[in-house]
Each structure stands twice: as C-alpha cells, then as structure tokens.
Amino acid sequence: MNELTLSPMYGALLSNYLAKVNKCQALNTTTTQTALMNDVNDSSLYTSRVSQYGVEALIKEIFEATDDMSFGLDIGKTVHPSDYGTVGYTLMNCSSLLQVFNYAARYKHAANKAFKVYFTKQGNFHRFRIDNLVESQWLKVIIELDFVTALSLSRFFVGADKAKKVRPYRVNFKHEPLASVDKYQCVFGCEVKFNQSVNEIIFPQSVFDIPIRSANPKLLKLMEGKLVQAQKGIEEKISLEQKLNQYIQDKIEFRIPSLTAAASDFNMSVSSLKSHLKMEKTNYSNIVDEVRKNLALKLISDSEKSILDISMYLGFSNSSTFNRAFRRWNNMTPASYRKQENEL
C-alpha cells in the first residue's frame, strides 16, 4: 500500500488525547515521537507532514488503551479554531458559514494527501464530502473527527445564541458504526447512516444563511493572503500523480487525453512519464479511473444532467460502459445511486 501523508494537526490532537487517557504530562513513546517528528507550531502552513502510518500508530495506541474506536467523535467536539492555525483564524473572519465551508474545502485539507474534499450544493442542501484516497480501518477515526469538527466549529463561529440552529440534515459514513448509533445521533443531532457510498455531512440551505459573529473582511483578506502563499509552497512539492489528476480533470470534457498527449504536455517522453508514475506506485490508467470516479459522483448528484450526458462528458464510448464502471466503483448503477441521493 502506498503511504500517504496528513496534516501534523492530527498528530497533535491524537497525542494530546492519548496523554489525557494515560493521565500524564508528556509522552515518550516511540510511535508518538515518530508521528510528531515533523510537527510545527502552525500546522496550517503545510510546511510539514505526518505520515499515514504515524497517525495510524497513534490511533492504535488510543484504541489499545480505551478499547473504543469512536474517540474521533470526542476529539472533534473539543477542537478550537486555533488548532488549525492560519486556516482556523481565516475561517473565523468569514462572513457566513457558506464561505466557511468553501474556504475549508479549499484550504483546510490542502496538507492531507490521504483525503479528497468536496463541498457542493444540490437543491436545498449542501454536502461536505470527504473521500478516502487509501483504504485503512484506522483512518475512519479521522473522517468522524473531521465531521464533528465541522459541526462544532460552525456552532462556535455563529455564537452560543445561534448554535442550536446549526444542525445537519443527515450524516453518511462509508464504514460501519464504531460505537452505538445512539452516540452518533446524540453528537450530530440528526439521522446518521452507515455503509453508504460516500462520507458526507449534509446541511440544509438555512444553516448557511447564519452570519458569523466575528466576521472581519479586512482580516479575512490578510489571512487569505497567507494561505495563498502557503498553498504555492504545496504546489511546488506536488507529485506527478496529483498534477496529472488535475490535468485530466481540466482536459476530460468528452474525451480522455491519451498517455502520449499527457507526456507531451508535461514535456516528457512516454517512457519517462511511465517510470515516474511507477516510482509513485501508480500508472496513467489508474489516475484516469480515479478522476472519472470522483467526477461521476459529483455529476450524478445533479439531477438535471442525464446519465448519457455524464457518460459522454467523462469520455465513455456509451452509457453501458459507464454503467459497468460506475457499478465497479460504487456497487450500484448510476440510476440507483441518483435515486438514493434524491430520497433526501
């Protein structure tokens, strides 16, 4: 399995929680030192990473100490904007929760190569979705932590007098429940479903009309400037796989750019491009498949787009080929998936 990296913020949150569990002031365990060896004061600046295996090691330690895998729900309730550094202070100065979620999707997960984040609108609902880019039983904890954090920070931003108005319509998890369903419903205050096709927290439109109590346009502009500079640093270190992923998304309309065309556009020979991708433990076909999968999930939620139009847009020769691919990705047909999504 190809190891990915996550924001060092997770290392800090998990190690702090483990310290509380162990009732000690400091940790000297090997796994914790490994996970936090690259930590920095402001993890939102993305100047360092925590390895996927380091984060998993911390999660395993907490599980062994507590015999409970639902502690991500508990950690998420205690997260403060300062835990996200520059990103957190940027979100605090947004004008509305709609802007908060747009910024969070753009910047909060920029340091996480293990996840892909989407924030979309469908009808009267907004969906904040997190896709796992790696299969791991331990990283389920991080998905749950992020969803609870999104809810608790949203309530913090609008203030105590309006906090109760920030309530999700529904929460979907791809995995099975890690605790009693009652605990999830108590934490989120809404219906929570498991073994679903995607991880997403769904909010009604009314939630995003609530103003932020600490909105400050001047500070927002200042903080965003810092984030833009930080993200430029990320782009300089981005992998070839990530570059090709974006390249294919930009070029995909009604056709898939060939491997030869991609190599030419990247000023590389075909053999050189293949060799670089092999070192990153992937290949061009896998990247194309991943792009098609993610775009298909996004486009199928728009009921105004026909399944035939979507299949053509994604470069499939016909709708039957698209149906087979979609079933492989999600264990259901596009029509069944759309019906499930429209049952909200």
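The values are calculated or read from the model by the stated rules, or taken from the named source; none is laboratory data. Here the structure is a predicted model, which means the values were calculated and not measured. We place every Cβ from the backbone using ideal geometry, glycine too, and count neighbours over all the protein chains shown. To get the accessible areas, we keep the full protein, side chains included, count just its heavy atoms, and leave off ligands, DNA and RNA. Shrake-Rupley method; radii C 1.70, N 1.55, O 1.52, S 1.80 Å.
Data table
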read-out: Matching helices (runs of 4 or more DSSP H) fully within the range 290-344 where at least 3 residues are within 18 Å of Lys174 (Cβ to Cβ) and in contact (Cβ under 8 Å) with a residue 40 or more places away in the chain; value: 334-341
read-out: Any hit, the range 80-88, residues being of a type in the set (A, V, I, L, M, F, W, C), open to solvent by less than 10 Å² (accessible area, probe 1.4 Å), modelled with pLDDT under 85 and more than 26 Å from Ala179 (Cα to Cα); value: no
read-out: Among (1) modelled with pLDDT under 95; (2) among the aliphatic types (A, V, I, L, M); (3) open to solvent by less than 10 Å² (accessible area, probe 1.4 Å); (4) not in a strand (DSSP E or B) - the single one Val141 does not satisfy; value: (1)
read-out: Filter result for Lys121 (closer than 29 Å to Trp329 by Cβ, assigned to a strand (DSSP E or B), over 12 Å from the mean Cα position of the chain (by Cα) and not hydroxyl-bearing (Ser, Thr, Tyr)); value: yes
read-out: Test set (1) surrounded by 17 or more Cβ atoms within 10 Å (Cβ to Cβ); (2) hydroxyl-bearing (Ser, Thr, Tyr); (3) modelled with pLDDT under 90; (4) more than 18 Å from Gln196 (Cα to Cα) - Ser301 fails condition number; value: (4)
read-out: Members of the range 149-204 that are modelled with pLDDT of 95 or more, assigned to a loop (DSSP other than H, G, I, E, B), under 21 Å from the mean Cα position of the chain (by Cα) and hydroxyl-bearing (Ser, Thr, Tyr); value: Tyr169
read-out: Cβ-Cβ under 8 Å pairs, at least 6 apart or on other chains, the range 180-195 side under 14 Å from Gly72 (Cβ atoms), far side assigned to a helix (DSSP H, G or I) and open to solvent by 70 Å² or more (accessible area, probe 1.4 Å); value: Val192/Gln185
read-out: Criterion violated by Glu135 - all others in (1) surrounded by fewer than 16 Cβ atoms within 10 Å (Cβ to Cβ); (2) modelled with pLDDT of 95 or more satisfied; value: (2)
read-out: Qualifying residue in the range 275-288 (condition: under 28 Å from Phe173 (Cα atoms), surrounded by 15 or more Cβ atoms within 10 Å (Cβ to Cβ), within 23 Å of the chain's Cα centre (by Cα) and not aliphatic (A, V, I, L, M)); value: yes
